[in-house]
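Below: the structure, in structure tokens.
The values are calculated or read from the model by the stated rules, or taken from the named source; none is laboratory data. Bear in mind the structure is a predicted one, so any value in this text is a computation, not a measurement. Reconstructed Cβ throughout: ideal geometry from the backbone, glycine too, with neighbour counts over all protein chains shown.
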Amino acid sequence: MSIDFYWRLPTHGCHSSIHRGSYDRGDWSPPGPHNIAPGFGRDQEEDGFAYIDHLAEIAKAAESVGFLGGLIPSFPNTDDPWVISPLLARETKSFRFMIAFQPGFGNPVHTARATASLQRATGGRTLFNIITGGGGPAQLWWGDSFAHDDRYGRTSEWLDVFRGVWSGEGFSYKGRFYQVDGAGLPALLREEEFPELWFSGSSEAALQVASKHADYYLSWLEPFDQLTDKFAKVKERTAALGGEQKCAVRVDLVARPTEEEAWRDIRIGFENVTDATRNQWRGQATDSVGAARQAALRPTEARRYEDLIVAPNLWGGFNLLRGGPALGIVGSYEQCAARLDELIQRGADGFILAGTPHLEEAWRIGEEVLPLLGRNASSLLQAAE
Amino acid sequence: MTISSYWQIDTAAEPRRAEPSLRPRLPALVRDRRRPSQNRFDYYAQLAQAAAQTGFDGVFLPYRRDADESRIVAAVVARAAPRIVVVPEFPASVGSAVYAAKQATTFQRSTGGRFGWAIAPDADAATRAAEGDDIGDDALHERTDEFLTVARGVHDRRPFTFEGRHFEVKDGGFDAPLNRLPFPKLFLQGEDEEALALSARHADVHLFRAAPAERLAALIARLEGLAAAAGRRVASGLIQPVLVRETEEEARQEAARGAAGEGALVGSFDGVAADLTRLADLGISHFVLSSTPSLEEGYRVGQHLLPRLHSLTGARRAVA
């Protein structure tokens, strides 16, 4: 048995330190002497580089230290994973491109053809994190006006068509959202392996689709007992359908040589959080169940960073330091590895890890934390075999 | 008028080239260590590098339903080849216009603005059915119109709201830095009145197919008239296969072997350069040239035809 470890590419710029919330890597902030914004040299004149060159650095770091690949997120103000992946195809060797994708973005037949081409361009290194979308104003920003349960119905049909087109000539389908008559991939493209599907979504409608389609059911980190229940439920549901559901966790780490150093960095980051950031994270409109489960931690109301320690090495204020989920792991290298081992024991089969800054932390976590994994889980893993 | 030249990278042409699995195995005495991941993507990158090295301004990738997807190839070759503009063609049926526009921003940002958009002609009804594209013949132009309105709208304006028959956006539009670079240069096609009218509203370049000079002149005049009425200027381009050799006789011999594409200009370097210059005189400023095998012919055209073309059209400019 082995566990899949992925890294993450920051497609919205990056911070040079967890201490400060400013996006001082990339051109999401105005160019200045304290920013590393590839494309702008020291004198703020164009230097021929672009943010993609920074992403290339991170992808190459991740593959060097042993991550299988990386999640490439897709939000309104990010660069796009469908373009990033082929751009970086030829300068990476083993890095797998996990494209975050909403079915509303593209027609499933066109997307299947593009995916098969990307498989050919990368030697089979494409996979997806299928997201149905948080709903609300963000969904209309994308030009997508489906209601929540309808959106999962569409996701399920989209995946039916995407897979159906791949598996043969003359594929036909009559659904509520998609009707296809005699579709198929050209012969050369049909040879490619169907991409692995990771799937996100916490609502009941989402779990149903996951059971049918997902290779990996992906969740943000939640308090361990809550996550254990969630994974057990998903695995049970899929088993009832005669399948086997793998589960994965998306989690940020602050891993340092000692626990004191790790908490010190959290404390400094927390003390630098501005009121503007707190207000930004307060009460954002969404009908995402996963986001609501995280919001229950209420990090924006905390006065001291210690108020947000929800369990040993678990801190619930990460969304104050950078965009994304609230809960993450903080500790020494050994402690971080032990918490990941514990998650494996509780049903995790894969991880998307991240740390800030993404480049340096890819090296650190790859070199210092990954090698410590399995020490705590080994007895259990052996028992399972 | 400045002439821009594009070399065509056709993913469906020469289908067996650089595709080891489609060719006979090499004899056993030849030690063959190629890996399964070696395929035409290596060739596409070579073609783009060849175009960049031989003086083309860009490469044009037609949309082919039976071969590799043009936008995936475009990103791969853009990273592999410096300087040149990369113009993939794709249909307005690909999906969300917002998403397509957002992909374009990444492409522009990552290449220093070397991306173009060519909208492919719409497919016939049977192909559309096979692609899950539920739209009637009479709505096709309207959809492309809306697709382009939304794509440019979200790039240029925030907030952008649009409610059409095919696309809907509310409080959309990109923030900095996504829209720091301009929207890609837009290429449209088609010879009918609706296509010309669509170009008059949206296109930067309208690409015509090879046609007799009088017909081309009439089409260009009509396009320019419609564009002027819309308060815009649209450049004219031509998708033009060629077959050139040192002498016209060699070119004719080669064409007799079936090497010339449909509607190809066949002749000597000097002769075809003069033909293209006459087309430039009609108002064509963008040439999408093609010939197979693409690598060898691209080198030939880049090395021998383009300098003659630029020299002739440059001389005209100097006189004018």
Determine if the range A:139-149 includes at least one residue that is more than 9 Å from every other protein chain (Cβ to nearest Cβ) and hydrophobic (A, V, I, L, M, F, W, C).
yes
Could you please find all residues in the range A:57-79 being within 26 Å of residue A:103 (Cβ to Cβ), in a loop (DSSP other than H, G, I, E, B) and of a type outside the set (Val, Ile, Thr)?
A:68, A:73, A:74, A:75, A:76, A:77, A:79
When residues of the range B:67-84 are limited to those that are touching a Leu at 6+ places or on another chain (Cβ under 9 Å) and in a loop (DSSP other than H, G, I, E, B), the one farthest from the other protein chains (Cβ to nearest Cβ):
B:81
State yes or no: is residue B:28 within 14 Å of chain A (Cβ to nearest Cβ) and either out of contact with any Ser or Thr (no Cβ under 9 Å at 6 or more places or on another chain) or farther than 20 Å from residue A:122 by Cβ (or both)?
no
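Take residue B:59 and decide whether it is assigned to a helix (DSSP H, G or I) and either at pLDDT 95 or above or within 13 Å of chain A (Cβ to nearest Cβ) (or both).
Spelling it out, it is not the case that residue B:59 is assigned to a helix (DSSP H, G or I) and either at pLDDT 95 or above or within 13 Å of chain A (Cβ to nearest Cβ) (or both).
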Of the conditions (1) at the interface with chain B (Cβ under 8 Å from one of its Cβ atoms); (2) outside any helix (DSSP H, G or I); (3) surrounded by 17 or more Cβ atoms within 10 Å (Cβ to Cβ), residue A:82 clears all except one; give me its number.
(2)
Within the range A:21-39, residues of a type in the set (A, V, I, L, M, F, W, C) and surrounded by 19 or more Cβ atoms within 10 Å (Cβ to Cβ) come out as A:28, A:37
Could you tell me whether residue A:69 is over 22 Å from the mean Cα position of the chain (by Cα) and either more than 9 Å from every other protein chain (Cβ to nearest Cβ) or at pLDDT below 95 (or both)?
no
Checked A:165, A:180 against criteria (within 10 Å of chain B (Cβ to nearest Cβ) and either in a helix (DSSP H, G or I) or modelled with pLDDT under 95 (or both)); the one match is A:165
Looking at B:67, B:28, B:48, B:52, which one is surrounded by 24 or more Cβ atoms within 10 Å (Cβ to Cβ) and not polar (S, T, N, Q)?
B:48
Candidate set: the range B:36-45, residues that are surrounded by fewer than 18 Cβ atoms within 10 Å (Cβ to Cβ) and not in a helix (DSSP H, G or I); chosen: the one nearest to the other protein chains (Cβ to nearest Cβ)
B:37
The listed residue being farther than 30 Å from residue A:349 by Cβ and either in contact with a helix residue (DSSP H, G or I) (Cβ under 6 Å, 6 or more places away or on another chain) or at pLDDT 90 or above (or both), out of A:10, A:38:
A:38
Strands (runs of 3 or more DSSP E) contained in the range B:206-320 and holding at least 2 residues touching a Gly at 6+ places or on another chain (Cβ under 7 Å):
B:235-245, B:284-290
Among the residues of the range A:44-56, is there at least one that is outside any loop (DSSP other than H, G, I, E, B), of a type outside the set (Ser, Thr, Tyr) and either within 15 Å of residue A:118 (Cβ to Cβ) or more than 13 Å from chain B (Cβ to nearest Cβ) (or both)?
no
Part of a helix (DSSP H, G or I), charged (D, E, K, R) and buried (at least 21 other Cβ atoms within 10 Å of the Cβ): does that describe residue A:90?
no
Going residue by residue through the range A:331-350, is there one that turns out to be surrounded by 24 or more Cβ atoms within 10 Å (Cβ to Cβ), in contact with a Phe, Trp or Tyr (Cβ under 6 Å, 6 or more places away or on another chain) and either at pLDDT 95 or above or assigned to a helix (DSSP H, G or I) (or both)?
no
First in the range A:106-128 and facing chain B (nearest Cβ under 7 Å), second anywhere and assigned to a helix (DSSP H, G or I) and of a type in the set (A, V, I, L, M), Cβ under 6 Å, 6 or more apart
A:108/A:161; A:109/A:165; A:114/B:72; A:117/B:72; A:118/B:72; A:121/A:89; A:121/B:72; A:121/B:76
Collect the residues in the range B:177-201 that are farther than 29 Å from residue A:51 by Cα and either out of contact with any strand residue (DSSP E or B) (no Cβ under 6 Å at 6 or more places or on another chain) or among the hydrophobic types (A, V, I, L, M, F, W, C) (or both), keeping them in residue-number order.
B:188, B:190, B:191, B:192, B:193, B:194, B:195, B:196, B:197, B:198, B:200, B:201
Please state which of the following conditions residue A:221 fails to meet, knowing it meets all the rest: (1) away from every other protein chain (no Cβ under 14 Å); (2) surrounded by fewer than 19 Cβ atoms within 10 Å (Cβ to Cβ); (3) more than 28 Å from residue A:119 (Cβ to Cβ).
(2)
Test result for residue A:72, crowded, with 23+ Cβ neighbours inside 10 Å and within 18 Å of residue B:179 (Cβ to Cβ)
no
Checked B:260, B:213 against criteria (over 18 Å from the mean Cα position of the chain (by Cα) and either under 27 Å from residue B:18 (Cα atoms) or acidic (Asp, Glu) (or both)); the one match is B:260
Tell me which of these residue B:217 doesn't satisfy, since it passes every other one: (1) surrounded by 14 or more Cβ atoms within 10 Å (Cβ to Cβ); (2) small (Gly, Ala, Ser); (3) under 30 Å from residue B:52 (Cβ atoms).
(3)
